[in-house]
1. How many residues does the stretch 374-419 hold that are closer than 25 Å to Gly26 by Cβ and within 16 Å of the ligand (Cβ to nearest atom)?
2. Residue check: is Leu313 under 30 Å from Asn135 (Cβ atoms), open to solvent by less than 30 Å² (accessible area, probe 1.4 Å) and touching a residue at least 60 places away in the same chain (Cβ under 8 Å)?
3. Just the residues that are in contact with a strand residue (DSSP E or B) (Cβ under 9 Å, 6 or more places away or on another chain) and either within 13 Å of the ligand (Cβ to nearest atom) or not aliphatic (A, V, I, L, M) (or both), please, taken from the stretch 24-42.
4. Taking the stretch 228-254 on its own, how many of its residues are open to solvent by less than 30 Å² (accessible area, probe 1.4 Å) and not in a strand (DSSP E or B)?
5. Just checking, which of Phe422, Phe452 is touching a residue at least 40 places away in the same chain (Cβ under 8 Å), of a type in the set (A, V, I, L, M, F, W, C), within 16 Å of the ligand (Cβ to nearest atom) and open to solvent by 40 Å² or more (accessible area, probe 1.4 Å)?
6. Just give me the residues in the stretch 259-276 being among the small types (Gly, Ala, Ser) and assigned to a loop (DSSP other than H, G, I, E, B), in sequence order.
7. Please work out which residue is surrounded by the most Cβ atoms within 10 Å (Cβ to Cβ), limiting yourself to the stretch 156-170 and to residues that are under 28 Å from the mean Cα position of the chain (by Cα) and free of Cβ contacts under 8 Å to residues at least 60 places away in the same chain.
8. Kindly establish whether Ser42 is touching a Ser or Thr at 6+ places or on another chain (Cβ under 6 Å), assigned to a loop (DSSP other than H, G, I, E, B) and surrounded by fewer than 22 Cβ atoms within 10 Å (Cβ to Cβ).
Amino acid sequence: MTETPATTPKPSGPDNRFDVILIGAGIMSTTLGTLLKELEPSWHVGLFEKLDGAGKESSDPWNNAGTGHAALCELNYTPRAADGSVPTAKAKGINEQFHVSKQLWSHWVDNGVLGSPRTFINALPHISFVWGDENAEYLKARYEAMRAEPLFSHIQHTEDQDTIASWAPLLTRGRDPQQRVAASKFDDGTDVDFGAITRQLASHLEGAGTDIRYGHEVAGISRGTDGRWNVTVKSSSGEKFTATARFVFVGAGGGALPLLQASGIKEAHKIGGFPVSGQFFRATDSSVAEQHHAKVYGLASTKGAPPMSVPHLDTRFVEGRRSLMFGPYAGFSTNFLKTGSYLDLPLSVRPHNLKTLLGVGVSNFELTTYLMKEVTKSRSKKLEELYRFFPEADGDAWELITAGQRVQMMKQDENGKPILQFGTELVSSSDGSIAGLLGASPGASTAPSIMFRLLEQCFPAQAQAWKPRLESMVPSYGRLLNEDPKLLAEVHERTSSVLQLDN
Ligand SMILES: Cc1cc2nc3c(=O)[nH]c(=O)nc-3n(C[C@H](O)[C@H](O)[C@H](O)COP(=O)(O)OP(=O)(O)OC[C@H]3O[C@@H](n4cnc5c(N)ncnc54)[C@H](O)[C@@H]3O)c2cc1C
């Protein structure tokens, strides 16, 4: 968006005329709203959320795994290459982004936008754990590759069951002492309550004058002849009206695809959404939760499992309470949102994306088979997966909870080949006047970096003027910590202290 929005604040008026409209009150919209409030306090920003509060879909703590994704333990970010090497480029990129998140959250703690760090982030070791010769060899190769990088030089590694028992006793209790196991550990991992961050940001925005309307669903978006976007809104009381803005962010989570399609922008053409639902086991015995203090990620045991479905045994901190979760178990439902409709997927099929959808369906036969198997998996089959991690688990002391929906993006690559994308992708119109976010991983952990990218992409006219302010919020803004160990040490020290992450 190159045009400068009005510089004088406008009261929320009956004409619903805004500089910026944010759709959805998840972590993405509230992060963007808070950044804009700081960069351009005079802009008139409106936010429409269909539910009765903020952070109630994927950003809610029980709808996601709460992992501060920094690529410390998630093995899907460091898959083994065909030649046996373990490339670290993707892991480095995600780790850099999580450092950006911690810096921005530190800045917001310092200036009172966010409350006590303990309400939303907790230090927690991140461990990768595997068994069997082939997997142990892979983990060793990963350890060697990662420790060569400044970002990961503090990695610890062992194949000794006693050492693993001292890191995470539930993993080894009752395990065959002869089984070859391997684990790598970082002590600077985190558990994050993204719902708490979202709600604190929403409440700050409301206090700072953002026009937030809960119970207001956006039903359509179209471009007016004056170049502004017309956003059709339906309130839960049945009122229907049009709000307009120069810039619209579609932060509707799984609901973003239909709205981007409705906007008619060509960048949303040929794109489809592939919903993957999830369930977790949660320990009902708090004494078991007390015996585990880590996030332990493994390798998927089933062929065709999507990368974000790797099993993990996780300590969680939600609203001051500690709990233990295992999962996820993937499933298939045609909903794009947990609170969505079974018609979401069928209604997203358009002539322009049919080839993409069919192509992805044909080329991802293993994934489809995997999802069908997961959906029909009995409770006892699900528990078998848990026992592989925690051999002495009492199957009766775990309850199944349903997590949020992830809508993976289906698109065509530069050669027109239909592909299923597992990352998070920013889709914006060529003039930068509308943008939306598709996909789900690494998701909430990297919301600040994604929103910085959006600011650069959609507000080129303002980007230079904003740069010094952004650098003061995030000292590593525009720089790579892996290439600047001194800055890395400074950033690490500052964020650990402000966010109270020193163990
Ligand atoms: C099972 C699972 C595990 C995950 N684990 C992790 C993890 O460990 N770490 C991590 O970083 N990320 C994780 N994620 C991803 C993370 O949860 C998401 O990336 C993030 O929450 C997305 O935020 P959002 O703001 O885009 O969407 P949401 O939080 O879903 O917010 C979108 C909002 O838009 C509203 N909305 C939708 N349609 C409309 C409409 N038409 N009008 C008005 N409002 C609308 C919704 O009600 C909702 O409040 C996980 C996700 C899932 C599903």
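The values are calculated or read from the model by the stated rules, or taken from the named source; none is laboratory data. Everything numeric in this text was worked out from a predicted model, so none of it was measured. Here the Cβ is made from the backbone with ideal geometry for all residues, glycine too, and neighbour counts use every protein chain on show. Protein only, heavy atoms only, side chains kept; ligands, DNA and RNA dropped before computing areas. Shrake-Rupley method; radii C 1.70, N 1.55, O 1.52, S 1.80 Å.
1. 10
2. Considered against the rule, which asks whether it is under 30 Å from Asn135 (Cβ atoms), open to solvent by less than 30 Å² (accessible area, probe 1.4 Å) and touching a residue at least 60 places away in the same chain (Cβ under 8 Å), Leu313 comes out as yes.
3. Result: Gly24, Ala25, Gly26, Met28, Ser29, Thr30, Leu32, Gly33, Lys37, Glu40, Ser42.
4. Qualifying residue count for the region: 4.
5. The unique qualifying residue is Phe422.
6. Within the stretch 259-276, Gly264 is the sole residue that qualifies.
7. By that ranking, first place goes to His157.
8. Yes, satisfied.
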